[in-house]
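First up is the structure itself, then whatever we jot down about it.
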Amino acid sequence: MSSVSSDVFLVVMGVAGCGKSSLGQVCARQLGLPLLEGDDFHSAANISKMRSGVPLSDDDRQAWLNALANQLLAHPSGVVLTCSALRQRYRDQLRAAVPGLRFVFLALTQDAARERVAARPGHLFPVSLVASQFETLEDPSAEPGVMRLDATRPLPELGAQVQQWLQGSSADAPASPSASATRPRLEV
């Protein structure tokens, strides 16, 4: 368990294969918070498109992002969410649900992402879609409340870096939102 406030709202983000789920599990365990896997909230149509090697459009992602925003709101004591959050407008939509939302951006090269995705047989996301993720990605590193990490570093090291950041050792870490703050519910 951590000395970080329980009302932490954290998104572990990046392209397919960056390690969102693995780091999300570590962070949720360290923080004593629930973990939401963003992929679990995709529609059947989105999953079918991805399995078929068809990239999702902004329109395809809209209902998914609404569902994720509502999931953030449904966890007023804090939560860790894994979500690609590739475009700034996607991140801003999630921030609108929970002001002060923080993002851990797991950065890696396209070649490394391809290797990792290829090593996950049976996953809903095929290697053929990795390039489209990099085309869509808008680097969030300059946005407030974002910590950029090298996704190729060992998982325990990444977890420790996130923990230190959330404990305020990073000067740019924003205050976490208060669990009692009023947050508007987003319409689906």
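Here, each number is a calculation from the coordinates, and none is a lab measurement. Remember, predicted model here, so these are calculated numbers, not experimental data. Positions of Cβ are backbone-derived with ideal geometry, glycine not excepted, and every protein chain shown enters the neighbour counts.
Per-structure values
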{"item": "Footprinting exposure proxy for PHE103, PHE134, PHE9 (fewest neighbouring C-beta atoms within 10 Å first)", "result": "PHE134, PHE103, PHE9"}
{"item": "The stretch 9-168, dipole about Cα centre (Lys/Arg Cβ +1, Asp/Glu Cβ -1), debye to the nearest 20", "result": "220"}
{"item": "For the stretch 12-123: relative contact order, % (alpha-carbon pairs under 8 angstrom, 6 or more apart)", "result": "45"}
{"item": "Point-charge dipole on Cβ atoms (K/R +1, D/E -1) for the stretch 1-95, about Cα centre, debye to 20", "result": "180"}
{"item": "Other-chain or far-sequence residues with amide H under 5 Å of PHE9's (modelled H)", "result": "VAL79, ARG102"}
{"item": "Computed log₁₀ I(q)/I(0) - Debye formula, equal Cα scatterers, no solvent, the stretch 1-65, q 0.15, 0.24 Å⁻¹", "result": "-0.58, -1.06"}
{"item": "Proxy reagent accessibility, fewest Cβ within 10 Å first, across THR109, THR136", "result": "THR109, THR136"}
{"item": "HN-Hα J in Hz across the stretch 129-138 - Karplus 6.51, -1.76, 1.60, θ = phi - 60°, x for Gly and Pro", "result": "9, 4, 4, 5, 5, 5, 5, 7, 4, 10"}
{"item": "LEU36 long-range amide H proximity, modeled H, under 5 Å", "result": "VAL80, LEU81, THR82"}
{"item": "Integer Hz, Karplus 6.51/-1.76/1.60 couplings in order for the stretch 68-81, x for Gly and Pro", "result": "5, 4, 5, 5, 4, 5, 6, 10, x, 8, x, 6, 10, 10"}
